[in-house]
Amino acid sequence: LVILESVRADATCVEYDPECKRTEATNVLFPKRFGFNQMRSLDSSTAISLAVLWAGVLPTEDRETLHTWPLLFDYARAAGWDTAYWTSQNMMFGNARLWVKNLGVSKFVAATDLDPVADLDMGAPESLLADRVNKEIGELKEPFFAVMHLSNVHYPYYLDESGPLPFQPWTRSKAPDDNPYFFNYYQNSVYQQDQHVAKVLSHVRSTEFGKRTAIVYLSDHAEAFREHGQMGHTFSVFDEEVHVPARIDVPPGMLSAEQEKNLAAKKDEYVFQVDVAPTILDLMGVLDEPGVKQYRSKMPGHSLLRPELTTEALAMTNCAGVWSCAFENWGYMRRNMKLEARAWDNGWHCYDVAQDPEEKDALPLEHCGDLQDLAMQKFGRLPGKKKD
């Protein structure tokens, strides 16, 4: 499982495209991958996304559930699998070390293990992470579940100026007039990170165990560049912060023809990060095990290997039991229809992201059906407002 940091869907090559240069290293590496063009996170905060990805639960679950529900690592160990977590993230940020200290993995590396003075936001250089993963992944016993969690594309965006910088002109200036060039700076950071990811994944595919290893790849959340007035992430659930790249690459013969058909059929369907945990459990062959069934009650997602889609309304929020928020914002999404509000808004806004992907023109609220009622039942109020 490869988890990128702050990478937008439009900053990558989701499906294979021989002309795509944004993330060309992994694009060329996996020409037969299954890409998902409409994957959404339910938040734009790393901590919340990890809870959703690893536990399969909604971000609105109570604090105890978010901190105690079994994670993918737990299911893997219970099934007798080896486990690993390698990250360039600085675990001092937001006390993240408390979140991962009990993962129970046989291999664990964080930013300060790679570089004692790793940046708090960007983490350690991912060249160091790639070298460590390539050194240690062959020591895992099959079957294994391993996570490589990246960090360098977190603002202020790590960039090696001696490395490739294909997107020109670029600037570190965040001035409004420089926004296109600042985006190029970000895109160059994504491009360089992709080279490190490709170094690891090409090594995996070159090994004997790599012929039996499925690779799931996506970002924790996306990143805003003033589309709705804000920069960065955690400020909204608009698509610039939640529309993320996602793809799966599986060696020939590992899946049934039916499973491959189901993956391919979801190329342009609306899928969500709550679908990731069931998909990985399905890849592990344990999704239907009796011991897992009791925990699926809080997993609203569906395995992408199966025909079902997640069509129920899903709560979205950047304010959760694993992460507080500087500015309240939340909403609901059902397939392509989204309801959202931020702390400074005086009402809900309804969008159809299929017809209006930039979310520029709010629709009458009745177009979102019962999403407003569900939001008020779940949150009790608009973000930033007191209860009546």
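The values are calculated or read from the model by the stated rules, or taken from the named source; none is laboratory data. The structure displayed is predicted, hence computed values, not measured ones. Methodologically, a virtual Cβ is constructed for each residue, glycine included, from the backbone with ideal geometry; neighbour enumeration extends over all protein chains shown. Only protein heavy atoms, including side chains, enter the accessible area calculation; ligands, DNA and RNA are left aside. Shrake-Rupley method; radii C 1.70, N 1.55, O 1.52, S 1.80 Å.
If you roll a 1.4 Å probe over the range 239-296 with all protein chains in place, what percent of the accessible area is carbon or sulfur? Walk me through the numbers before you get to the answer.
On the way: 1130 of 2300 Å².
Solvent-exposed carbon and sulfur of the range 239-296 make up 49 percent of the total.
With every protein chain present, what is the per residue accessible area of the range 269-388 (1.4 Å probe, Å²)? Display every interim value, and only then the final one.
Details: 5680 Å² over 120 residues.
Per-residue accessible area for the range 269-388 comes out at 47 Å².
Dividing the alpha-carbon radius of gyration of the range 61-149 by 2.2 N^0.38 Å (N being the number of residues), what value is obtained? Display every interim value, and only then the final one.
Details: Rg = 13.7 Å, N = 89, 2.2 N^0.38 = 12.1 Å.
Dividing the Cα radius of gyration by 2.2 N^0.38 Å gives 1.14.
For the chain, count the residues as N, evaluate 2.2 N^0.38 Å, and divide the Cα radius of gyration by that value, please. The partial results should precede the final answer.
Details: Rg = 19.9 Å, N = 388, 2.2 N^0.38 = 21.2 Å.
Normalised Cα radius of gyration, the chain: 0.94.
How much length is gained on full extension from ALA78 to GLU260, taking 0.36 nm per residue of separation minus their Cα-Cα distance? Walk me through the numbers before you get to the answer.
Details: separation 182, 0.36 × 182 = 65.52 nm, distance 2.70 nm.
Extra length available between ALA78 and GLU260 comes to 62.8 nm.
CYS20 versus GLU289, label points 7 Å from Cα toward the beta carbon: distance in nm?
3.3
Quick check on the range 191-244: take the gyration tensor over C-alpha atoms, sort the square-rooted eigenvalues as a ≥ b ≥ c, and tell me if it's rounded (a/c under 1.5), prolate or oblate.
Values: a/c = 5.80, a/b = 2.79, b/c = 2.08.
Prolate shape, in that a/c is at least 1.5 and a/b is the bigger ratio.
Between the range 234-249 and the range 1-74, what is the C-alpha centre distance in whole Å?
8
Compute, for LYS135, the solvent-accessible surface of its heavy atoms (probe 1.4 Å) with the complete set of protein chains present, and express it in square angstrom to the nearest 10.
140
Arrange the residues ARG40, ARG381, ARG226, ARG8 by how much accessible surface each exposes, largest first, with a 1.4 angstrom probe.
Largest accessible area first, the list is ARG226, ARG381, ARG8, ARG40.
Under unit Cβ charges (Lys, Arg +1; Asp, Glu -1), what dipole magnitude, rounded to 20 debye, does the range 317-388 have relative to its Cα centre?
On the way: 10 positive and 12 negative charges, 80 e Å.
My answer is approximately 380 debye.
Enter the Cα centre distance for the pair the range 122-184 and the range 303-364, rounded to the nearest angstrom.
The distance from the Cα centre of the range 122-184 to that of the range 303-364 comes to 28 Å.
Would you mind working out the accessible area per residue for the range 103-155, using a 1.4 Å probe, and quoting it in Å²? Let's see the in-between values first.
On the way: 2180 Å² over 53 residues.
Result: 41 Å² per residue.
Along the charge dipole of the chain, Cβ charges K/R +1 and D/E -1, which of ALA55, ALA343, PRO70 sits furthest on the positive end?
PRO70
Sorted from largest down, give the three principal axis spans of the alpha carbons of the range 227-300, whole angstrom values.
46, 31, 17
With unit charges on the beta carbons (Lys and Arg positive, Asp and Glu negative) and the dipole taken about the Cα centre of the range 71-153, which residue among LEU114, SER88, GLY104 sits farthest to the positive side?
Going by the Cα projections, it comes out as GLY104.
Bins of 5 Å, beginning at zero and ending with the bin holding the largest distance: percent of Cα pairs per bin for the range 126-275, please.
2, 8, 14, 17, 17, 15, 13, 8, 4, 1, 0
Zone of ASP373 (label point 7 Å along Cα→Cβ, backbone N under 20 Å): which residues in the range 295-339?
Of the residues in the range 295-339, 311-316, 331-339 have backbone N under 20 Å from the label point off ASP373.
Across the range 8-18, in residue order, what do the Karplus-derived ³J(HN,Hα) couplings come to in whole Hz, using 6.51 cos²θ - 1.76 cosθ + 1.60 with θ = phi - 60° and x for Gly and Pro?
Result, rounded to whole Hz: 6, 4, 7, 9, 10, 9, 5, 8, 5, 9, x.
Could you give the dipole magnitude of the range 164-315 about its Cα centre, charging the beta-carbon of Lys and Arg +1 and that of Asp and Glu -1, in debye to the nearest 20? If you can, show how the numbers build up before the last one.
Details: 15 positive and 21 negative charges, 95 e Å.
That gives the range 164-315 a dipole magnitude of about 460 debye.
How many percent of the accessible area of the range 1-140 is carbon or sulfur, using a 1.4 Å probe? Intermediate values should be presented prior to the final figure.
Values: 2650 of 5360 Å².
Here it works out to 50 percent.
In sequence order, what are the phi-derived ³J(HN,Hα) couplings for the range 367-381 according to the Karplus relation 6.51 cos²θ - 1.76 cosθ + 1.60 with θ = phi - 60°, rounded to whole Hz, with x for glycine and proline?
5, 8, x, 8, 4, 5, 4, 5, 5, 5, 5, 6, 9, x, 5
Give me the percent relative contact order of the chain, please, defined on Cα pairs under 8 angstrom at least 6 residues apart.
Contact order relative to length: 23 percent.
Is there a quick way to get the dipole size of the chain? I mean about its Cα centre, with the Cβ of Lys and Arg at +1 and of Asp and Glu at -1; what is the value in debye to the nearest 20?
780
Using the Cα centre of the range 182-223 as origin and beta-carbon charges of +1 (Lys, Arg) and -1 (Asp, Glu), tell me which of TYR217, TYR185, VAL204 is placed farthest towards the positive end of the dipole.
Value: VAL204.
At a probe radius of 1.4 Å, what is the per-residue accessible area of MET254, in Å² to the nearest 10?
My reading of the accessible area for MET254 is about 70 Å².
Spelling out what I want: for every residue of the range 203-212, take phi, set θ = phi - 60°, compute 6.51 cos²θ - 1.76 cosθ + 1.60 (Karplus), and round to whole Hz; glycine and proline get x.
Values, residue by residue: 5, 4, 5, 7, 8, 5, 5, x, 6, 10 Hz.
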